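Trainee: Handing you a structure now.
The values are calculated or read from the model by the stated rules, or taken from the named source; none is laboratory data. Values in this document were obtained by computation on a predicted structure and should not be read as measured data. Here the Cβ is made from the backbone with ideal geometry for all residues, glycine too, and neighbour counts use every protein chain on show.
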Amino acid sequence: MLHQERIQSLNDSEARSKSRYVLYWMQQAQRVRTNHALAHAIELANERGLPVVVGFGLMDDYPEANLRHYAFMLEGLAEVARELEQRRIRFVIRHGSPDRVALDLAEDAAIVVCDRGYLRHQRDWRETVAAEAGIPVVQVESDVVVPVEVASDKAEFGARTIRPKIERRLDDYLVALDEPKPAESALELELKSDFDPADVDGTLKKLKLDDRVGRVERFKGGASQARRRLERFIDEKLEGYADGRNEPVARQCSELSPYLHFGQISPLDLALAAKASKGVGKEDRASFLEELIVRRELAMNFVAFTADYDSFSMLPAWARKTMAEHEDDEREHLYSEIELEAGETHDPYWNAAMREMRVSGYMHNYMRMYWGKKIIEWSKSHEEAFATTLKLNNRWFLDGRDPASYANVGWLFGLHDRAWTERPVFGKLRYMNAGGLKRKFDIDAYVEWTMTL
């Protein structure tokens, strides 16, 4: 079902009467299945007797992206191209800024449909296209279960305040999307692409990328890979998730965040699969849905309603106050960004977490918290710690550079949290130490496992 609350007109232009197609400008939702924006584009095209074209702008310098990110994304786009062809939809991938590519393709379109991105540059691109296209530009939100403004019209204090608002509307949106079929084929349209989506390696060579962060073996991009991971998670790991999700050795988590980041799988599909799972305890299902929907969509809420979401200034006043009061506290250990990035600290558990991040582009969620808290402890200042954490997060993680990243890094510094017992350096920020790791699980087994990556 395509709810009207997901659809937003970005301008007041009228549709072009003489046109060749309806354009879906794909950017955030890089998938074919359960893509509300694509479904709406097909519906509009069928109403007008037109085919659908999907356009994608591929730039060399997407903010903070490197070879690791591009390779994973292009693996996914290769699948997108194949699935669209099966549906008789033309996929056009061109070199350039996404907004300029969209505007070029819009010249022969009746209407432009786009998906929704929450980051500053994504919003700017959509505003540019809406202002310059000269035809209707319609945004369709597809990467959350409950649309952001339906859940709330302001930045929420934390999970406890947004949870009841999401739960109030959750059943309305936990509904599978009807997948309309295009009435007209677009495969005969003469539209050139600058890259062959099937040639991932060739495309990577043509782009001017930061290649200091290389590709990973642990994760391969694409919707089919995401669906396989989802099926394995539901069959093997959802049972016991509530108790096991914080155990890094057992890895009892979905490991789907890279696929959600690139929009290669819909969070709605994950939620519906969990809801329909058999033989799973209520607590395990609820725990997973809490992480997938409440916590993830709290991050979307934060970025949507916080202009300086990537700056130290966005942190709550109480957190900035307590850090200022402890700015001059003595630090037992100090490490530079280079030493941290290399995993050269006195702490073998932290070094192992950094190795998992560097080698595989991923880190278990509990270790991410420990990893970030220690950077606070080992940096000359809290602002330096914030900048270092965000920089390493966005450089090495496949799922970095998205709303969850900014909210999670913010959480380390008090965002969406409360004041705790005061202590040196941290002030009233939440504290974590190695002793907690040892008490909770076999942390030495985690260190051994990371050496096999």
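Trainee: Inside the stretch 5-19, can you point out the residues that are over 26 Å from Asp153 (Cβ atoms) and out of contact with any strand residue (DSSP E or B) (no Cβ under 7 Å at 6 or more places or on another chain)?
Mentor: Ser13, Glu14, Ser17, Lys18
Trainee: Considering only the stretch 84-100, state which residues are crowded, with 21+ Cβ neighbours inside 10 Å and either under 15 Å from Ala130 (Cβ atoms) or at pLDDT below 95 (or both).
Mentor: Residues satisfying the conditions are Pro98, Asp99.
Trainee: A follow-up question, please. Whether any residue in the stretch 371-384 is farther than 19 Å from Met432 by Cβ and of a type in the set (Lys, Arg) is what I want to check.
Mentor: Within the stretch 371-384, one or more residues are farther than 19 Å from Met432 by Cβ and of a type in the set (Lys, Arg).
Trainee: Could you tell me whether Val138 is part of a helix (DSSP H, G or I) and assigned by TED's automatic domain parsing to the domain that holds Gln4?
Mentor: For Val138, the condition - part of a helix (DSSP H, G or I) and assigned by TED's automatic domain parsing to the domain that holds Gln4 - is not met.
Trainee: If we keep just the residues of the stretch 412-445 that are in contact with a helix residue (DSSP H, G or I) (Cβ under 6 Å, 6 or more places away or on another chain) and assigned to a helix (DSSP H, G or I), which is nearest to Leu298 (Cα to Cα)?
Mentor: The extreme case among them is Leu412.
Trainee: Further question: Restricting attention to the stretch 397-420, does a residue exist that is in contact with a Lys or Arg (Cβ under 8 Å, 6 or more places away or on another chain), without any contact (Cβ under 8 Å) to a residue 24 or more places away in the chain and outside the structural domain of Glu255 (by TED's automatic domain parsing)?
Mentor: yes
Trainee: I'm trying to understand the selection: among the residues of the stretch 23-74, which are touching a Ser or Thr at 6+ places or on another chain (Cβ under 9 Å) and more than 19 Å from Gly117 (Cα to Cα)?
Mentor: Answer for the stretch 23-74, where residues must be touching a Ser or Thr at 6+ places or on another chain (Cβ under 9 Å) and more than 19 Å from Gly117 (Cα to Cα): Arg48, Leu50, Pro51.
Trainee: Can I ask one more? Among the residues of the stretch 186-207, write down those that are charged (D, E, K, R) and either within 23 Å of the chain's Cα centre (by Cα) or outside any loop (DSSP other than H, G, I, E, B) (or both).
Mentor: Asp201, Lys205, Lys206
Trainee: Under 7 Å between Cβ atoms, which residue pairs at least 6 apart in sequence (or on different chains) link something in the stretch 33-44 that is touching a residue at least 24 places away in the same chain (Cβ under 8 Å) with a partner that is in a helix (DSSP H, G or I) and among the charged types (D, E, K, R)?
Mentor: Qualifying pairs under 7 Å: Thr34/Asp269; His36/Arg6.
Trainee: As an exercise: evaluate Ser379 against (1) assigned to a helix (DSSP H, G or I); (2) small (Gly, Ala, Ser); (3) surrounded by 17 or more Cβ atoms within 10 Å (Cβ to Cβ) and give the number of the one condition it does not meet.
Mentor: Among (1) assigned to a helix (DSSP H, G or I); (2) small (Gly, Ala, Ser); (3) surrounded by 17 or more Cβ atoms within 10 Å (Cβ to Cβ), the lone unmet condition for Ser379 is (1).
Trainee: Does the stretch 175-186 contain at least one residue that is touching a Phe, Trp or Tyr at 6+ places or on another chain (Cβ under 7 Å), at pLDDT 95 or above and among the aliphatic types (A, V, I, L, M)?
Mentor: The answer is yes; a qualifying residue exists.
Trainee: Quick check on my filter: what residues within the stretch 202-249 are in contact (Cβ under 8 Å) with a residue 40 or more places away in the chain, within 18 Å of Arg368 (Cβ to Cβ) and not charged (D, E, K, R)?
Mentor: Selection gives Val213, Val216, Phe219, Tyr241, Asn246, Pro248, Val249.
Trainee: Moving on to the next point. Against the definition (touching a residue at least 12 places away in the same chain (Cβ under 8 Å), of a type in the set (Ser, Thr, Tyr), touching a helix residue (DSSP H, G or I) at 6+ places or on another chain (Cβ under 9 Å) and not in a helix (DSSP H, G or I)), how does Tyr62 come out, yes or no?
Mentor: no
Trainee: Would you check if Val409 is more than 24 Å from Asp308 (Cβ to Cβ) and in contact with a helix residue (DSSP H, G or I) (Cβ under 9 Å, 6 or more places away or on another chain)?
Mentor: No: the conditions fail for Val409.
Trainee: Which members of the stretch 71-118 meet the condition of being polar (S, T, N, Q) and in contact (Cβ under 8 Å) with a residue 24 or more places away in the chain?
Mentor: Ser97
Trainee: Under 6 Å by Cβ, and 6 or more places apart or on different chains, what pairs join a residue from the stretch 1-20 that is within 26 Å of Asp143 (Cα to Cα) with one that is among the acidic types (Asp, Glu)?
Mentor: Sorted first by the residue in the stretch 1-20, then by its partner, the pairs are Arg6/Glu141.
Here is a yes/no grid of residues against (1) assigned to a helix (DSSP H, G or I); (2) within 26 Å of Thr450 (Cβ to Cβ):
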| site | (1), (2) |
| --- | --- |
| Glu290 | yes, no |
| Arg295 | yes, yes |
| Ala299 | yes, no |
| Thr306 | no, no |
| Arg320 | yes, no |
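Trainee: Still on this structure: Examine the stretch 426-446 for a residue that is closer than 29 Å to Gly117 by Cα and basic (Lys, Arg), and state whether such a residue exists.
Mentor: Checking the stretch 426-446: not a single residue is closer than 29 Å to Gly117 by Cα and basic (Lys, Arg).
Trainee: Could you tell me whether the stretch 10-31 includes any residue that is assigned to a helix (DSSP H, G or I), modelled with pLDDT of 95 or more and out of contact with any helix residue (DSSP H, G or I) (no Cβ under 6 Å at 6 or more places or on another chain)?
Mentor: No, the stretch 10-31 contains no residue that is assigned to a helix (DSSP H, G or I), modelled with pLDDT of 95 or more and out of contact with any helix residue (DSSP H, G or I) (no Cβ under 6 Å at 6 or more places or on another chain).
Trainee: Any idea which of Glu141, Glu132 is under 24 Å from Ala404 (Cα atoms) and at pLDDT 95 or above?
Mentor: Result: Glu141 is the single residue among Glu141, Glu132 that is under 24 Å from Ala404 (Cα atoms) and at pLDDT 95 or above.
Trainee: Could I ask something else about it? Go through the stretch 352-376 residue by residue and tally those that are under 15 Å from Arg218 (Cβ atoms) and either outside any helix (DSSP H, G or I) or at pLDDT below 95 (or both).
Mentor: 4
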